Amino acid sequence: MPVFFSAEEYRTVEAACARLIPTDQDPGATEAGVVDYIDTLLGAFAFDPPRIWAGGPFSGRFGGAAGFATFHRLTALDELAWRTRLEGSLGRPEREWNGPVTGLQERYRQGAALLGDDFADAAPDEQDRRLREHKDFTDLLYEHACQGMYGAPEYGGNRGLVGWSYIDYLGDVQPRGYSDEEVSQP
């Protein structure tokens, strides 16, 4: 169940991410749940506290308490900044101190609409053509797809640590840390 996207937007963004980080002999955006990362980011304020900053100091993957599973509360200034980034300025003076801002939510709604309701069912060549045609949105989507592929799974992507496994990255290893041998190897 999407947090921010409509079911059709979710399908469109999921298919677009699959074209940007495709599945081949290795996992791609689909297996990593990249669209869930993007959806959770855009809908961060649907959670209490908002899914902006994971806790810590440890994830629990290599010992210690699983602190990343809880999220920090935001200060009033942090909330203002993140709401402006995600929702845009919406004509509110406190959000337009540096001029109007189109938030990520609106950019994604517009981008998914530009790709078309039939994007997920279109042939791969047609999907690629549409992604090339809408370069600004594709650039934004690719940035977030990479974050969802290789970021900490607590933010909604990198499901099953497939992004980290793919690049032989153990992830956060605290409190254990790395051995001398591990940091001396190429």
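The values are calculated or read from the model by the stated rules, or taken from the named source; none is laboratory data. Fair warning: this is a prediction, and the values are worked out from it, not measured in the lab. Virtual Cβ from ideal backbone geometry, glycine too; neighbours counted across all protein chains shown. We work out accessible area using only protein heavy atoms, side chains counted, and drop any ligands, DNA or RNA first. Shrake-Rupley method; radii C 1.70, N 1.55, O 1.52, S 1.80 Å.
Scanning for something open to solvent by 70 Å² or more (accessible area, probe 1.4 Å) and on the phi > 0 side of the Ramachandran plot, does the stretch 162-178 turn up at least one residue? Yes - at least one qualifying residue is present in the stretch 162-178. Can you tell me which of 133, 106 is open to solvent by 50 Å² or more (accessible area, probe 1.4 Å), farther than 30 Å from residue 64 by Cα, without any contact (Cβ under 8 Å) to a residue 24 or more places away in the chain and touching a Gly at 6+ places or on another chain (Cβ under 8 Å)? Exactly one of 133, 106 is open to solvent by 50 Å² or more (accessible area, probe 1.4 Å), farther than 30 Å from residue 64 by Cα, without any contact (Cβ under 8 Å) to a residue 24 or more places away in the chain and touching a Gly at 6+ places or on another chain (Cβ under 8 Å), namely 106. Applying a threshold of 6 Å to beta carbon distances and a minimum spacing of six or more residues, or different chains, the list of pairs starting in the stretch 161-186 at a residue that is over 17 Å from residue 21 (Cβ atoms) and ending at one that is open to solvent by less than 90 Å² (accessible area, probe 1.4 Å) and part of a helix (DSSP H, G or I) reads 171/164. Screening residue 51 with (1) open to solvent by less than 70 Å² (accessible area, probe 1.4 Å); (2) at pLDDT 95 or above; (3) not in a helix (DSSP H, G or I) gives one miss only, at (1).
Checking each residue in the stretch 68-118 for being in a helix (DSSP H, G or I) and modelled with pLDDT under 95 picks out 68, 69, 93, 94, 95.
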